[in-house]
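Structure first, commentary second.
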Amino acid sequence: MLDTFSHATVQLYIALVARQDDHGLFIFSVNKFPNPSINDLDIDKVVPVDADLRTVSEVPDISQKKDFYVLHLKSKFINAQLVLPDHTSTATFLEELTRAQSVYSNIVAFGNPPTFAWLENYNRQNDNPFAKDVFDPFVKNNQVKKAEGCRSSVAHTNTFSPKAHTFSSMFSVASALTKPPSLPVAPPRRMRAVHIRNGQSLPPPVPDRPRNMKEPISQRITDLSELDPLRKAASKQSLDELDIDDFGGSSEFPDVQKMLGLGSSEPSTESGAKPVSARETIVKYMMNEREVEFTDISKLKIFVGTWNTNGQSPPISIAQWLQVDPEPPDIYAIGFQELDLSNQAYIFSDSAKETEWQHAVKSCLHPKGRYRKVKLVRLIGVMLIVYVNEKHSNKVHFIDSDTVATGIMGIMGNKGGVGVRFTIESTSICFLCSHLAAHQDELERRNQDYRDISSKMRFKQFVPPLTIDEHELVFWLGDLNYRLNDLDIDTVKSMIKNSKLKDLMSYDQLHRQLGRTEVFKGYSEAEVTFQPTYKYDINSDDWDSSEKSRPPAWCDRILYKGGGITSLKYRYHPELKISDHKPVSDLFDVEVRVVDEEKSRKVYEDIMKQLDRLENDYLPQVKLDKTEIILNDVKFIDTKEDILTITNSGQVPVNFEFIQKLDEPSYCKPWMMASPSKAVITPGKSCEINISVYVDKKSAAVLNSVSGNYIASSFGSSLEALIQMHGPVREIPTAQLVEIEQPGSLVKRDVLNQGGRLYAIPKEIWRLVDHLWQYGCDQEDLFQQPGLNKEIQLIRDCLDTGAPEKIPGSIHSIAEGLLLFLESLPDPVIPKSVHRRCLECSNNYLLCKQIILQIPEYHRNVFRYLCSFLKELLSKSQNNGLDIKFLASLFGDVFLRPDHHYVPTSSKSNKNVRSVAKEEEMKRAAFVYHFLSNSIDDV
């Protein structure tokens, strides 16, 4: 249909904007290709969604070779027909538009029609109101909207100030076939999709393609689970939406430009902007291959610092750490560990220590530079703050962060990692701050923490989410806790005193692994020329003189990975003495790519012409080394892997991708993964795809009741089935296992006539609890220190086979095994059917007891048994250090798990998502607290 026009194509955007319950359609254009800037953004028309607006949409029709939507808009403000691509973002947009019209009808029915006066300021030609006005239609209000069945629907909020308007936006794409009479005559326009999350990370517009090419557009932001009630920082000092300190003032950042990705270099080379179609993927690949033709190298100085503060408040100044270099760095990345050691830090998200240290860092940045905060992220005691020199702030895009807890249940414990990523110029950078497992003999636990953080860290503003290894420059800092092996403490101190640091480093656990094992594979560390940073007496330079007398060690480290990184000054800062650790810093010289837009455009055009020729002359051809993958004997929490090789046997680049079936949320089941799930293969080259299966607590219940190569486990079995199993689960015939796993199987069983017996509680739970009571009730850090995966697998096999008689593994592994067993129950200890009632009566012990008395007897028995065990542990709190609030919070999340379809009742109000989740978490803890602080004899 576009071929009927001879005019040049002009890019348009269409947005559905909400102010409270009023909605308006914003249509605006960008008339420059391929690299528009904020000055090229013009609003063409603003249309109220009212009774006068008539909309008719036509869906794609494959039989008629119609692979697009058509939207007809008609009112006194507009008369247009728009072509929209066949994509979920379009369907979402149309659903939201229909909903907006319904909202208007409901408001009018109550006799209070909106005036749409707020639209008048924006219904102007040749003017961009976004640059000066507090209203920004790309910033969302305190709501998360998701159209049913549409994964790509996103809308959320940032609040500017108590008086500021709040809006939500839905974006889609279209091509205008007919311009409304009220607008100047203009060439036909092709509209593009824009998708945002928290005002960041949007795909830049892609230059137009030949008209015979299909142009699917996909939304990059899909993960709603990570949405936080963030408040936008509009200060001149901060890029971070969490910068509450600098709240107020006006930002010099062109927000609309950032959101739309305007003003960047060639879009298909922008790091972090993952392309979404086969052609875009190939273009990106070919642009990367030829980047030397259109990029120059610029150098930046990056200051990376790490400090385990041992829960202390900051001193008067930390300038001895952050201001030691004569010239200001371009980027600061400052990491902390053990920021807050209080018990409240495990339970509550807020921490006064965070505010204290944030102010301390901000006040001691280099006086010769002006800085803006890029991002702050914290996980209990691990915190990372990144600042950028103000002169580079307009070059920073695609900011995101993530956290990975490595403690029990993936949430408890003061260990884990946090990450911040962004793109500066055209180079992607990732900073990681971590606190790995402590103690001399926990080397494998530290290595496992590294593997967990590496594999689980995902930057979810990208689709698919970005991994650590997908960044060009990576810096890993923190208290990595690696110690010195094979030396006694006196020898270590003697070697330090005699300045034999190089010889001493050869005994370092991390040094022995770097470059030799898979641990921190690809990372480097500058030469360590300073003495160990741990462990000191507080407020002194003396080694630990306590009863434990910990040996010195280089616990605090800074590693890096990527090309063009040079370490200039790797040092420690002994002047700061408030902690048992000394702070460490490294000043780096790094190379970043700067795109020459003119050269980039020429290379891009050449690639497009080359692709056109290849696509006309050749068809893609691939070969698979196998057509069937068989993974035998899959076990619970035990990874099984195989390799599938794809070879490009044709003459053109091939882009492959696993795609989901119709109405399926993913291309595979939750327990399976393919990596990479998509890639470009050039002619004659091959790509190895790792196919892995991992059954965890979420999928075990489903697989336990099916036949195949999955070995059934007590982990994931229901309480109803477990109390009917007389022997280990591996000895139960599959048919019988399937039968007793059916809901209501216990009701159908006639014990008197059929014989046999029922256990009061599952024998597996009894064995775990009994072992903990006999050998671990006095264990320090019980339920706080995580176990080892290998030991937990041995515990699984012990419970599933009945041998050996004594459960193997450490106390910490068995404690985590108990929690994992309870989390894997298909229906939790307190059934999901009463979850809402438990929350509603969590402040009344008598009502809580009534609910427990009403649940099935086998659920009630397990609950009473576990509560009795926890009360006994609390009686030993002088030895194990357990606190009733901590246990109530931990087991509240284990005992009370909602159905995945559950929607909090209070989420319908104006309360934000995080506060609602936190409120319910506290209610679960309060429910369990009643039974840990009162008698349960009559339950």
- Query: Which residues, taken from region 846-863, are more than 14 Å from ASP937 (Cα to Cα) and open to solvent by 30 Å² or more (accessible area, probe 1.4 Å)?
  - Reply: LEU847, GLN854, PRO856, GLU857, TYR858
- Item | Filter pass, PHE588 being among the aromatic types (Phe, Trp, Tyr), outside the structural domain of SER426 (by the TED database), under 31 Å from the mean Cα position of the chain (by Cα) and not in a loop (DSSP other than H, G, I, E, B) | no
- Task: Would you be able to say whether some residue in region 596-615 is within 30 Å of GLU338 (Cα to Cα), charged (D, E, K, R) and buried (at least 16 other Cβ atoms within 10 Å of the Cβ)?
- Result: no
- Query: Quick check: anything in region 281-292 assigned to a helix (DSSP H, G or I) and aromatic (Phe, Trp, Tyr)?
  - Reply: yes
- Message: So, HIS771, is that one surrounded by 17 or more Cβ atoms within 10 Å (Cβ to Cβ) and more than 33 Å from the chain's Cα centre (by Cα) or not?
- Response: yes
- Item | Residue count for region 642-677, restricted to those that are open to solvent by 50 Å² or more (accessible area, probe 1.4 Å), touching a residue at least 24 places away in the same chain (Cβ under 8 Å) and in a strand (DSSP E or B) | 2
- Residue among ASP544, ASP479 that is surrounded by fewer than 20 Cβ atoms within 10 Å (Cβ to Cβ), among the charged types (D, E, K, R) and in the same structural domain as GLY419 (by the TED database): ASP544
- Query: Looking at (1) within 30 Å of GLU442 (Cα to Cα); (2) of a type in the set (Lys, Arg); (3) in contact with a Leu (Cβ under 9 Å, 6 or more places away or on another chain), which is the one condition that is false for LYS790?
  - Reply: (3)
- Among residues of region 554-586, those that are surrounded by fewer than 22 Cβ atoms within 10 Å (Cβ to Cβ), farther than 20 Å from ALA360 by Cα and among the aliphatic types (A, V, I, L, M), counted: 3
- Task: Kindly list the number of the only condition in (1) open to solvent by 20 Å² or more (accessible area, probe 1.4 Å); (2) farther than 23 Å from TYR450 by Cβ that fails for ARG550.
- Result: (2)
- Starting from region 789-813, keep only residues that are touching a residue at least 12 places away in the same chain (Cβ under 8 Å) and open to solvent by 50 Å² or more (accessible area, probe 1.4 Å), then list their pairs with residues that are in a helix (DSSP H, G or I) and of a type outside the set (Gly, Ala, Ser) whose Cβ atoms are within a distance under 6 Å, requiring at least 6 positions of separation or different chains. THR801/ARG730
- Note on the structure: ARG378 meets each of (1) buried (at least 20 other Cβ atoms within 10 Å of the Cβ); (2) touching a residue at least 60 places away in the same chain (Cβ under 8 Å) with one exception, condition (2)
- Do the conditions hold for LEU866, that is, is it crowded, with 17+ Cβ neighbours inside 10 Å and modelled with pLDDT under 95? no
- Test each condition in (1) touching a helix residue (DSSP H, G or I) at 6+ places or on another chain (Cβ under 9 Å); (2) open to solvent by 10 Å² or more (accessible area, probe 1.4 Å) for ARG446 and report the one that comes out false. (2)
- Item | helices (runs of 4 or more DSSP H) within region 692-778 that include 1 or more residues modelled with pLDDT of 90 or more and touching a helix residue (DSSP H, G or I) at 6+ places or on another chain (Cβ under 6 Å) | 719-722, 734-740, 763-775
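The values are calculated or read from the model by the stated rules, or taken from the named source; none is laboratory data. On a predicted model such as this, the values are computed, not experimentally measured, just so you know. Ideal geometry is used to build each Cβ from the backbone, glycine not excepted, and the neighbour counts take in all protein chains shown. When the accessible area is computed, the model is the full protein with side chains, heavy atoms only, and any ligands, DNA or RNA have been set aside. Shrake-Rupley method; radii C 1.70, N 1.55, O 1.52, S 1.80 Å.
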